[in-house]
């Protein structure tokens, strides 16, 4: 399926030449394309965000060391007015504190973990959508390279035939058998075809570079495509790309916006949770590195803490109402997208059927044009028709072949777009 030649250290971008069929090109793009790699990193980040959200509710252990110096200050103590005051030096102090905290209850924590899991699922969906788009792009690029090669082959072959005919015509014109005007007209046609060939070569290079970019290989990598254009078109011609009934619930964009609706619904719970109390427990151990003369601080302390929101002047109420508005907006967007996708599916299916019909018509036309051109070419060599008639026939034949190739490309592209919507690439 996928053959690698002249590899260096197993790295794709170090290769000088790779041979790919369509399945191999898709596999390579999914493995090396930078956009796909970034979507994978987004999934990893979402996984870490879930771990972070869960870890916020697990025991937290912290240590601290402090040092204080009163710079020679003293404490003056007088027990009664008859006795002189006693002075006690304030010695430097240093403490090592070890504190352990544990969240017992927090509404925000519970909803936060649930929301993080929803975003984790969305990241996976986004990776799926990115992979689907890259597969569609690499398929279109693969088709475009094959089409460009076919067009270049057609123009080159036509140019060779016309160039040979021009050589014969020059000889006939030298002996006065054919008028010089016919010779000049044929020369113009030859030069026009040469320009078309050069333009087609540039188009092929552009299409190949686009494929290299999507594959994630270096610009110096030579690509050899093994898939047959006739086989790909025959597959598209033989049957509809999607046979089962379209289910919008399976469509990736609709699934993503449904997930976004769930996130919006969860944000309402998050705003409501701001009104719930937060309960946590703690344990603190203190070790005196430098002890004062009088130390009444216990070494071990255990306690509970409860924070109770009482009055927020309507802030929390406004936040809940905003979250409800966001949820309603998400529902409207979901309904709108559902309608758009259904219209798009109908249009893409129409485009496919129309492209298939156009292709079949152009396939018939090009066969007729080829026979007409061959017949007129023989008549021109026999001196029955003029050079202008031959040039007209040649233009008609090239146009028919070009339209045929264009119809092939449109058929392939319409099939890819329909399969992309269905997620069946």
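None of the figures in this text is laboratory data; all of them are computed from the coordinates on show. Quick caveat, the model's predicted, so the values are computed rather than measured. Methodologically, a virtual Cβ is constructed for each residue, glycine included, from the backbone with ideal geometry; neighbour enumeration extends over all protein chains shown.
Distance between the 7 Å Cα→Cβ label points at residue 237 and residue 331: 5.2 nm.
Taking 0.36 nm per residue of separation and subtracting the Cα-Cα distance, full extension of the segment from residue 250 to residue 230 would add 4.0 nm. As a calculated quantity, the FRET efficiency between residue 285 and residue 87 at R0 = 45 Å, using C-beta atoms, amounts to about 0.85.
For the range 218-343, the Kirkwood estimate of the hydrodynamic radius, built from every pair of different alpha carbons, is 22.2 Å. Computed extension gain for residue 62 through residue 399, at 0.36 nm per residue and net of the alpha carbon distance, reaches 113.5 nm.
Nearest 0.05, what FRET efficiency do residue 265 and residue 16 give at R0 = 41 Å with Cβ-Cβ as r?
0.15
Helix 34-55 axis versus longest C-alpha principal axis of the chain: approximately 20°, rounded to the nearest ten. Site pair residue 192 and residue 55 shows an inter-label distance of 7.1 nm when each label is modelled 7 Å from Cα along Cα→Cβ. The length gained on full extension between residue 424 and residue 299, counted as 0.36 nm times the residue separation minus their Cα-Cα distance, comes to 38.3 nm.
The angle separating the long axis of helix 315-381 from the principal Cα axis of greatest extent in the chain is about 20 degrees. Between residue 357 and residue 109, the C-beta separation translates, for a Förster distance of 60 Å, into a calculated FRET efficiency of about 0.50.
In plain terms, if you count all Cα to Cα distances in the chain and split them into 10 Å steps from zero, the share in each step is 4, 13, 15, 15, 13, 11, 9, 6, 5, 4, 3, 2, 1, 0, 0 percent. Which residues does a label at residue 315 reach in the range 259-295, if reach means a backbone N under 16 Å from a point 7 Å past the Cα toward the Cβ? Under cut-off, by backbone N: 271-278.
Can you tell me the orientation of helix 22-32 relative to the chain, as the angle in degrees between its alpha-carbon axis and the longest Cα principal axis, to the nearest 10? Between helix and principal axis, roughly 30 degrees.
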